[in-house]
Amino acid sequence: METYTIAVLAGDGIGPEVTTEAARVLEAAVKQAGRTVALREALVGQAAIEREGAAISEETMALCQRSDAVLFGAVGGAGVGNPNSKQQPEQALFRLRKDLELFANLRPVRPYPALVGASTLKRSVLSGVDLVVVRELTGGLYYGKPSEIRDGVDGKGASAVDTMAYTEEEIERIVRYAYTLAQGRRKRLTSVDKANVLSCSRLWRRVVDRVSADYPDVETRHLLVDSCAMALIRSPRDFDVIVTENMFGDILTDEASMLTGSMGMLPSASLGLRKTAHGHQFGLYEPIHGTAPDITGQGKANPLAAILSAALLLRYSLGLQRAAGAVERAVRQVIAQGYRTPDIARPGEQVVSTREMGAAVLGALTASKKE
Ligand code: IPM
Ligand code: MG
């Protein structure tokens with residue numbers, strides 16, 4: 001029997017609460033598919049800084065390297081750690097993304113009809129929305145050097161610098177990834193940049209124009225990031241695949257999450273070219289939401305983004321398409337049945353806890369037909 005190894009890095013804040021539910025669902029889905037999975041837990045983020053002296057230890061990096069996939073919760077967040085320390089919890093995520101070459105971050109956005117009322121946007125704007133943001137994840141402002149705060153000299157105040165840098169190769173590989181994805185979807189690619197201001201964006205646009213010739217079946221359009229931010233809530237149906245650099249992708253996906261009603265609904269998959277020991281795509285899977293310190297430990301967190309991330313893990317890194325579909329159907333079912341965590345509940349609706357929501361999905365999954 002095939003056995004998979006998954007590194008489970010729950011992290012800080014609500015990370016452990018939502019990851020526990022996702023791990024349960026993942027385990028059950030793999031079992032239903034007639035396979036076995038070994039879940040290996042390790043510390044990451046602030047918890048790892050306090051107990052192991054680094055946001056992610058060498059042992060944990062090695063564990064991730066030899067696993068089929070990483071199931072990740074959340075790290076950092078206001079109120080944890082020391083803001084002036086050299087050790088920041090987010091570094092764990094940056095190192096994982098960089099060292100594991102997870103340059104393509106897929107963030108699918110498809111509102112559930114039953115949740116349309118949870119969004120701040122009108123029903124007419126949301127119907128039929130089905131888009132995916134392909135965010136470049138290992139370049140740009142997140143990694144460029146220099147990046148520092150400099151003390152002022154000669155009576156002047158301090159200054160700070162960050163560096164946005166991209167190579168043609170980095171742009172080309174993410175753009176090709178997005179085109180290939182678009183070919184399997186509605187064949188419309190929107191490349192988002194700020195070419196009227198940034199050199200990185202002008203290079204980005206040049207690469208997209210060159211590469212587009214290899215994908216004549218895909219319709220390409222360029223959009224400036226500010227205009228995209230507007231179009232995303234004016235006419236989100238117009239989008240199929242959006243490809244963009246690291247920070248623009250970060251910002252636009254928080255915005256796009258509101259199309260689904262809540263940040264607590266949006267999963268993500270970070271992928272590269274690496275293959276697993278079983279011949280599938282290695283990846284890291286995490287909800288796009290953060291640590292949410294304001295609700296940590298209260299059972300209020302929505303575990304669905306984490307559970308849907310586990311579904312993506314099943315699909316891409318374990319090659320268990322049907323198991324992935326079964327988890328997604330289970331989520332759709334519990335939503336249709338009216339299960340709501342506070343973030344997706346409308347006034348007067350009854351709310352369930354993180355644990356109850358996880359248990360409901362697990363119940364729907366195990367009640368569904370065996371594969
Ligand atoms: C995300 C998060 C991270 C990011 C934070 C936690 C550093 O916002 O994955 O979207 O900016 O990449
Ligand atoms: Mg973000």
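Just checking, does region 297-307 include any residue being touching a strand residue (DSSP E or B) at 6+ places or on another chain (Cβ under 7 Å) and in a helix (DSSP H, G or I)?
Scanning region 297-307, I find at least one residue that is touching a strand residue (DSSP E or B) at 6+ places or on another chain (Cβ under 7 Å) and in a helix (DSSP H, G or I), so the answer is yes.
Do you know which of the residues in region 82-103 that are away from ligand 2 (no atom under 16 Å from the Cβ) and buried (at least 20 other Cβ atoms within 10 Å of the Cβ) is farthest from the chain's Cα centre (by Cα)?
100
Given the options 340, 329, 322, name the one that is over 30 Å from residue 274 (Cα atoms), charged (D, E, K, R) and out of contact with any Cys (no Cβ under 6 Å at 6 or more places or on another chain).
Of 340, 329, 322, the one residue that is over 30 Å from residue 274 (Cα atoms), charged (D, E, K, R) and out of contact with any Cys (no Cβ under 6 Å at 6 or more places or on another chain) is 340.
Cβ-Cβ distance below 7 Å, separation of 6 or more or different chains: which pairs start in region 94-106 with a residue that is closer than 11 Å to residue 139 by Cα and end on one that is among the aromatic types (Phe, Trp, Tyr) and more than 16 Å from ligand 2 (Cβ to nearest atom)?
Here the result reads 104/177, each pair linking region 94-106 to a residue that is among the aromatic types (Phe, Trp, Tyr) and more than 16 Å from ligand 2 (Cβ to nearest atom).
Any residue at all in region 173-189 that's within 16 Å of the chain's Cα centre (by Cα), over 26 Å from residue 121 (Cα atoms) and within 16 Å of ligand 1 (Cβ to nearest atom)?
yes
Hey, could you check region 239-279 for residues that are charged (D, E, K, R) and in contact (Cβ under 8 Å) with a residue 12 or more places away in the chain and say which is surrounded by the most Cβ atoms within 10 Å (Cβ to Cβ)?
If we take residues in region 239-279 being charged (D, E, K, R) and in contact (Cβ under 8 Å) with a residue 12 or more places away in the chain, then 245 is surrounded by the most Cβ atoms within 10 Å (Cβ to Cβ).
Looking only at region 314-342, count every residue that is among the aromatic types (Phe, Trp, Tyr) and within 19 Å of residue 6 (Cα to Cα) and tell me the total.
Going through region 314-342 one residue at a time, the tally reaches 1.
Looking at region 310-327, is at least one residue within 14 Å of ligand 1 (Cβ to nearest atom) and either touching a helix residue (DSSP H, G or I) at 6+ places or on another chain (Cβ under 6 Å) or basic (Lys, Arg) (or both)?
The answer is no; no qualifying residue exists.
Step by step: first the residues of region 9-29, then only those that are over 18 Å from residue 292 (Cα atoms) and surrounded by 24 or more Cβ atoms within 10 Å (Cβ to Cβ), then the one that is farthest from the chain's Cα centre (by Cα). Which residue is that?
Filtering first and then ranking leaves 29.
Based on what the data block shows, is residue 210 away from ligand 2 (no atom under 16 Å from the Cβ), outside the structural domain of residue 307 (by TED's automatic domain parsing) and surrounded by fewer than 21 Cβ atoms within 10 Å (Cβ to Cβ)?
Taking the combined requirement at face value, the residue satisfies it.
Yes or no: residue 258 within 16 Å of ligand 2 (Cβ to nearest atom) and modelled with pLDDT under 95?
So residue 258 fits the description; yes.
Among the residues that make up region 226-236, is at least one of them in the same structural domain as residue 327 (by TED's automatic domain parsing) and more than 16 Å from ligand 1 (Cβ to nearest atom)?
Within region 226-236, none of the residues are in the same structural domain as residue 327 (by TED's automatic domain parsing) and more than 16 Å from ligand 1 (Cβ to nearest atom).
The values are calculated or read from the model by the stated rules, or taken from the named source; none is laboratory data. All values reported here derive from a predicted model rather than from experimental measurement. Ideal geometry is used to build each Cβ from the backbone, glycine not excepted, and the neighbour counts take in all protein chains shown.
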